[in-house]
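Beneath this line is the structure, given in structure tokens, with notes to follow.
The values are calculated or read from the model by the stated rules, or taken from the named source; none is laboratory data. Worth saying up front: this structure is predicted, and the values here are computed from it rather than measured. Note: ideal-geometry Cβ built from the backbone for every residue, glycine included; neighbour counts use all protein chains shown. To get the accessible areas, we keep the full protein, side chains included, count just its heavy atoms, and leave off ligands, DNA and RNA. Shrake-Rupley method; radii C 1.70, N 1.55, O 1.52, S 1.80 Å.
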Amino acid sequence: MNRIKVADLMSDEVVSAAPGTAVKDIVRLLAQYDISGIPVLDDEDRVVGVVSQTDVLARAAPLRAEDPGRNGDGERPPTAGTIMSSPAVTVRAEETAADAARLMTRRGIERLPVVDVEDRLVGIVTRRDLLRMFLRPDSEIRRRVREVLEDVLDVPAGDVEVHVVDGIVTLEGRLPDRSRLPVLLGLVERIDGVVAVAPRLTAGSGDAQGSGDDRSRQAMPW
């Protein structure tokens, strides 16, 4: 089954800076494009760091205060290279959107530079971009769940009913055996756009030779 990749959601139009870019110019870019951070690139477009609004506020002023004697022609204003966070937290274009979302949450960041195998910048993905993966229509989610049931787990079409409302998947019916339940739940939870899974299932022992009454007694609800 296909998964939503970072490449499907990222923007390839990226505002960036060089290490020597003055912080005042960084501030201008942040305001002009209404963004929270800018990747810093070397001469070969490799991401060497990121300057965020937090970096500007937390580091630019102290750097200027540490060098009060340099004024006029001798003044050395802070640059992207002196205040950037490095090494940069980046993501590959082929990684899943879910992995990128987990990385953003774990590191507490709003934007991720997207890089190729040589760490060259190819795009940018934001929290707002990643939210798009939860806007998948319920009908599409239901179709994907049916694929899991019928194509992956070989569950007959009529055995399990699938209902999807606002990304919440409800499964009602019977599985041939209990061993398929954790596999089913794991696969459905990983479908892009699924918010939660509510299983209302029974499962038999998998003994095809038992009588109907036997299978009924062995069924277990979840």
Within the stretch 181-196, restricting attention to residues that are open to solvent by less than 60 Å² (accessible area, probe 1.4 Å) and assigned to a helix (DSSP H, G or I), which residue is nearest to Arg143 (Cα to Cα)? Val188
Selection within the stretch 113-148 - over 19 Å from the mean Cα position of the chain (by Cα) and small (Gly, Ala, Ser): Ser139
Where Ile109 falls short, out of the listed (1) open to solvent by 50 Å² or more (accessible area, probe 1.4 Å); (2) outside any helix (DSSP H, G or I): (1)
Kindly provide the set of residues from the stretch 90-103 that are open to solvent by 30 Å² or more (accessible area, probe 1.4 Å) and in a loop (DSSP other than H, G, I, E, B), ordered by number. Thr90, Glu94, Glu95
Specify the residue that is nearest to Ala98 (Cα to Cα); the eligible residues are those in the stretch 164-180 that are in a strand (DSSP E or B) and open to solvent by 40 Å² or more (accessible area, probe 1.4 Å). Ile168
Could you list, ordered by first residue, the pairs with Cβ atoms under 6 Å in which the first is in the stretch 117-139 and without any contact (Cβ under 8 Å) to a residue 40 or more places away in the chain and the second is assigned to a loop (DSSP other than H, G, I, E, B) and open to solvent by 80 Å² or more (accessible area, probe 1.4 Å), at least 6 apart or interchain? Arg127/Glu110
Conditions: (1) modelled with pLDDT under 95; (2) farther than 30 Å from Ile38 by Cβ; (3) not in a helix (DSSP H, G or I). Glu161 meets all but one. Number of the miss? (1)
The stretch 112-157, residues that are over 24 Å from Val195 (Cβ atoms), touching a strand residue (DSSP E or B) at 6+ places or on another chain (Cβ under 8 Å) and either hydroxyl-bearing (Ser, Thr, Tyr) or open to solvent by 60 Å² or more (accessible area, probe 1.4 Å) (or both): Val117, Glu118, Asp119, Arg120
